[in-house]
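A.B. asks: I'd like to ask some things about the structure below.
Every number here is computed from the coordinates shown, using simple stated rules; none is lab data. If you're wondering where the values come from, they're calculated on a predicted model, not measured in any experiment. A quick note on method: Cβ atoms are made from the backbone with ideal geometry, for glycine too, and the neighbour counts reach across all protein chains shown.
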Amino acid sequence: MSILKIKTYPARVLKETAKAVKSVDGRLQELIANMSETMYYANGVGLAAPQVGVSKRLIIVDTSYREEGGSNLIVVVNPEIVYQEGDVTAIEGCLSLPRFTININRSARVYIKGLNADGNPLEIEATGLFGRALQHEIDHLNGVLLIDRLTSLEKQNISYSLQKIQR
Ligand code: NI
């Protein structure tokens, strides 16, 4: 396994719509292993493949060590939100926007379908930090960053700090 370099704003790959994974093979599993090592190393609760420069629909999430101190890696290949309900606002950060935390409104409950790391069908119902992290990572597959969810006024207020990231 190896720790991968995390792409930060304004890297081009973060703005792209990621492509569907065609087969869950050894190469993809190697990417999953490297992404998980990278996520734990960076102290993140989730990571999407575009964040390590791979424009594929693959996300990993582990909120258990924040919530319970355990470890429970969730891998979703080609994730799809099939149903969502409710609204909740909470503070979020992103490994691709270092030092940023922003209040973001998300669905309170999501139902997600996809494939697991073995290529088998997977269904998840998620709330709380877990549900939020899944929605955040799926945004990455659609080229959406936290800053894209801000109003133009909110964007103006953080523009100076954004320029600092770009430098
Ligand atoms: Ni992120």
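A.B. asks: Give the number of residues within segment 9-19 that are surrounded by fewer than 17 Cβ atoms within 10 Å (Cβ to Cβ) and not in a loop (DSSP other than H, G, I, E, B).
C.D. replies: Here is the first cut: in segment 9-19, the ones surrounded by fewer than 17 Cβ atoms within 10 Å (Cβ to Cβ) are 10-12, 15-17, 19.
If we keep only those that are not in a loop (DSSP other than H, G, I, E, B) too, we end up with 12, 15, 19.
Of the residues in that region, 3 qualify.
A.B. asks: Scan segment 123-131 and tell me whether some residue there is within 16 Å of the ligand (Cβ to nearest atom) and of a type in the set (D, E, K, R).
C.D. replies: Looking only at segment 123-131, we keep the residues that are within 16 Å of the ligand (Cβ to nearest atom), and these are 129-131.
With of a type in the set (D, E, K, R) added as a condition, the list becomes none.
Within segment 123-131, not a single residue is within 16 Å of the ligand (Cβ to nearest atom) and of a type in the set (D, E, K, R).
Per-residue answers, yes or no, for (1) in contact (Cβ under 8 Å) with a residue 60 or more places away in the chain; (2) within 14 Å of the ligand (Cβ to nearest atom); (3) surrounded by fewer than 21 Cβ atoms within 10 Å (Cβ to Cβ):
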residue	(1), (2), (3)
K7	yes, yes, yes
V21	yes, no, yes
E30	no, no, yes
M39	no, yes, no
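A.B. asks: For segment 151-158, does any single residue satisfy the condition of being part of a helix (DSSP H, G or I) and within 25 Å of Y40 (Cα to Cα)?
C.D. replies: No: segment 151-158 contains no residue that is part of a helix (DSSP H, G or I) and within 25 Å of Y40 (Cα to Cα).
Condition check ((1) within 16 Å of the ligand (Cβ to nearest atom); (2) hydroxyl-bearing (S, T, Y); (3) without any contact (Cβ under 8 Å) to a residue 60 or more places away in the chain) across all residues:
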{"residue": "P98", "(1), (2), (3)": "yes, no, no"}
{"residue": "A117", "(1), (2), (3)": "no, no, no"}
{"residue": "Y160", "(1), (2), (3)": "no, yes, yes"}
{"residue": "Q166", "(1), (2), (3)": "no, no, no"}
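A.B. asks: To continue, here is another question. Just need a number here: residues in segment 59-111 that are polar (S, T, N, Q) and either at positive phi or outside any strand (DSSP E or B) (or both).
C.D. replies: Here the count works out to 8.
A.B. asks: Here is a list of conditions, (1) over 28 Å from T8 (Cα atoms); (2) in contact with a Leu (Cβ under 7 Å, 6 or more places away or on another chain); (3) assigned to a loop (DSSP other than H, G, I, E, B), and L122 meets all of them except one; can you say which number that is?
C.D. replies: L122 satisfies all of (1) over 28 Å from T8 (Cα atoms); (2) in contact with a Leu (Cβ under 7 Å, 6 or more places away or on another chain); (3) assigned to a loop (DSSP other than H, G, I, E, B) except (3).
A.B. asks: Tally time: how many residues in segment 117-142 are more than 23 Å from K7 (Cα to Cα) and surrounded by fewer than 16 Cβ atoms within 10 Å (Cβ to Cβ)?
C.D. replies: 8
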